[in-house]
Each structure stands twice: as C-alpha cells, then as structure tokens.
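Let me begin by presenting the structure, written as structure tokens, before commenting on it.
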Ligand code: MAN
Ligand code: CA
C-alpha cells in the first residue's frame, strides 16, 4: 500500500510500501497528525479541546477583525464554558470576542447566532457608556478575576481579537 510523505512545504509524494492496508492507514494518520501539530506550532494558532484559536498581533475594529477571522476559515471566538473563558483569559491579550448587541440594545448574541446564556461580565458591565454606544465585547479587565473580565466597548475602536475554528 502507498503511504503519502510530505517532501517540503507543498510537495507530497506517494511511497509504495509492503504494508497492509490497515498499517498504511495507521501510518498516514500518524503523519497527518504530526503535520497538523507542526502547523499549529509554527503559527499563532493554539488548540483547546476540539477548537483552534488564532490570536491577533494587531488591532482592528470589530467588523475588520471579523472579516480577518472569516478569511482564515474561522469566526470571532464564541465562549461556551467556564473552561474556555479561563483558557482565553490566560492568553493575556484582552481580545475582542464574537459577542454583540448591535441589532437590539441589551440583547447579546454570538456570531454563530446563539443567544448569550453564560456570561462573564465585569462589575458594572455592560454599561453601553460611550457616546455612540458600546455593542462589542472584549475580555478587557485582565486584572479582574477571570470569570469577571468582559466589557462592552465601541465597535469602531481598534482592539486585538481572537478567532476560533470549532472542531478545527
Ligand atoms: C471605562 C468603563 C467601561 C467603558 C470604558 C470605555 O473603562 O466605563 O465600561 O467601556 O471606560 O473606554
Ligand atoms: Ca463598557
């Protein structure tokens, strides 16, 4: 059976072996896993549970950061659990996430369309305080307890952001 071996960044070659089909599949699986691990280690992507996360080095408005995530085959991060909130908080970059109330003030929605159920607002947030309102959420208060670090901020202010590929 053939085993595909990567020969550099873009080239893959098939090598004919005397392995049985099961052994060849096992071998291919191992090689693919090693390639994925290498890709993750080389870039800004991090893994947590079954998701991949991209942490920006840059500052953008909410709309532009969402576009950046979509271009990467991802979307702004959606936080579904306390564990995920803790993981993203310890990255220490005060990232903007995929949570907005642009459509209807006070009704928070994730970019995947789901309503907000478990929230990690900081004390006195959300307060919609800026002149033109604050409809986009960042993990802004990184000096606060990790389960209380969200703040709503103006969407047009440039911040760092975090993208997520679910089951990446
Ligand atoms: C303070 C608080 C926040 C608000 C920002 C805006 O930190 O009032 O709620 O979002 O200012 O810069
Ligand atoms: Ca606020």
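Using only Cα atoms and rounding to the nearest 10 degrees, what angle (0 to 90) does helix 21-42 make with the longest principal axis of the chain?
40
I'd like the orientation of helix 62-71 relative to the chain: the angle between its Cα long axis and the longest Cα principal axis, in ° from 0 to 90, rounded to 10.
10
Would you mind ranking 66, 96, 129, 33 by Cβ crowding within 10 Å, fewest neighbours first?
Numbers: 66 22, 96 29, 129 13, 33 10.
Final ranking by Cβ density, sparse to dense: 33, 129, 66, 96.
Sort 162, 13 by Cβ crowding within 10 Å, fewest neighbours at the top.
Ascending Cβ contact count within 10 Å gives the list 13, 162.
For the chain, what is the mean residue ellipticity at 222 nm derived from helices alone (per DSSP H run of n ≥ 4: -39500 (n - 2.57); sum divided by total residues; nearest 500 deg cm²/dmol)? Mind dumping the intermediate values first?
Details: 3 runs with 40 residues, N = 168.
Mean residue ellipticity at 222 nm (helix-derived): -7500 deg cm²/dmol.
If one computes the Cα centroid of the stretch 130-147 and of the stretch 59-76, what distance in Å separates the two points?
Spelled out, the Cα-based centre of one part sits 18 Å from the other.
When 75, 112 are ordered from fewest to most other Cβ atoms inside 10 Å of their Cβ, what list results?
Going from sparsest to densest Cβ surroundings: 112, 75.
Based on the alpha-carbon gyration tensor of the chain and its eigenvalue square roots a ≥ b ≥ c, which shape applies: rounded if a/c is under 1.5, prolate if not and a/b is larger than b/c, or oblate?
Prolate, because a/c is 1.5 or more and a/b exceeds b/c.
Each value in this text was obtained by applying a stated rule to the coordinates, not by laboratory testing. If you're wondering where the values come from, they're calculated on a predicted model, not measured in any experiment. Methodologically, a virtual Cβ is constructed for each residue, glycine included, from the backbone with ideal geometry; neighbour enumeration extends over all protein chains shown.
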